[in-house]
Amino acid sequence: MIGVFDSGFGGLTILGNLQKALPRHNFLYLGDNARAPYGSRSYETIFRYTLQAVRELFLRGCPLVILACNTASAKALRSIQQQILPVEFPDRRVLGIVRPTAEEIGGYSQTGHIGIFGTAGTVSSGSYPIEIKHFFPDLVVTQHACPMWVPLVEYGESGSEGARYFVKKEVDSLLAEDPEIDTILLACTHYPLLEKEIRAALPNHVRLVFQGDIVAQKTVDYLRRHPEMEVRLSKGESLGKTHYLTSDTAEFFKKGAFLFGIQDISAESITF
């Protein structure tokens, strides 16, 4: 199976795109819901939690794990790739979602000015500006943390008056910082669920970019370039299957997944 990890429910948006791009592949999704959100936690804590999840997915037979969490990708991925995999799991791979997005984002902008909405952890890591500079050195990048957006989504407040208020507040703040921004990246997997509110607050000329399609196509490309990994991945005859793990209760996960448009699923509760 392809392992997909997120600190909570947001990675389900990435999973959905992966399932569409790789319909025959089997997936194992792990949400660390009991310890979410990761956005405001320290590097050491995020690294420890993410590594525990990666090890769990490896133990359950996933040769490839995708960190479908911007905070985990920004703060834990490189250390896992450089310090853990060569020693403990030389035949396994862990991919993130920051670099694939950074490779593409500059192509969306006409003005050369982009904005990034993310969690406090993703923004403070500086991972996006660093990665983007490798591919688009002249691109002007302005980041903005939105600490209220994830709770709004996870408490089912999308579409509420409160959501509209907090979304407009952050959108106005970002555009005031750089009025030349014509492209905004949603660098948190929860934020697509606030799409309606974000678009309502944005000027018509500003483009909104979602990570899911980019990450899915980059994963397809990765497997095309690494056939030795592709042959290790299990597939269904017509459609693949997805199993769900959560560090919270199965019922809690089922209710949260419903907010992300996923119905009639069962989840397995695990303990780290």
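The values are calculated or read from the model by the stated rules, or taken from the named source; none is laboratory data. From a predicted model like this one, the values you see are computed outputs, not experimental measurements. Please note: Cβ atoms are built from the backbone with ideal geometry, for glycine as well, and neighbour counts cover all protein chains shown. Quick note on the areas: whole protein, heavy atoms, side chains included, nothing else; ligands and nucleic acids left out. Shrake-Rupley method; radii C 1.70, N 1.55, O 1.52, S 1.80 Å.
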Open item on the list: What does the C-alpha gyration tensor say about the overall shape of region 136-227? Classify as rounded when a/c is under 1.5, otherwise prolate if a/b is larger than b/c, or oblate.
Closed with: oblate
TODO: Using only the Cα atoms of region 27-92, build the gyration tensor, take square roots of its eigenvalues as a ≥ b ≥ c, and label the shape rounded, prolate or oblate: rounded if a/c is under 1.5, else prolate if a/b is larger than b/c, else oblate.
DONE: oblate
TODO: Under 1.5 on a/c is rounded, so check that first for region 161-272, then, if it is not, pick prolate when a/b is larger than b/c and oblate when it is not; a ≥ b ≥ c are the square roots of the alpha carbon gyration tensor eigenvalues.
DONE: oblate
Open item on the list: Just the number please: accessible area per residue for region 113-217, 1.4 Å probe, all protein chains included, in Å².
Closed with: 45
Task: Rg over Rh, two decimals, region 207-261 (C-alpha only, Kirkwood Rh) - done: 1.08
- [ ] Provide the solvent-accessible area of ARG48, counting protein heavy atoms only and rolling a 1.4 Å probe, rounded to the nearest 10 Å².
- [x] 110
TODO: Quickly rank 129-138, 104-113, 62-71 as a protection proxy: mean count of other C-beta atoms within 10 Å, highest first.
DONE: 62-71, 104-113, 129-138
TODO: Report the antiparallel proportion of the DSSP beta bridges in the chain as a percent, rounded to a multiple of 5.
DONE: 5
Task: Carbon and sulfur %, accessible surface of the chain computed with the full protein complex present, 1.4 Å - done: 52
Task: Debye, to nearest 20: dipole size of region 97-250, +1 on Lys, Arg Cβ, -1 on Asp, Glu Cβ - done: 360
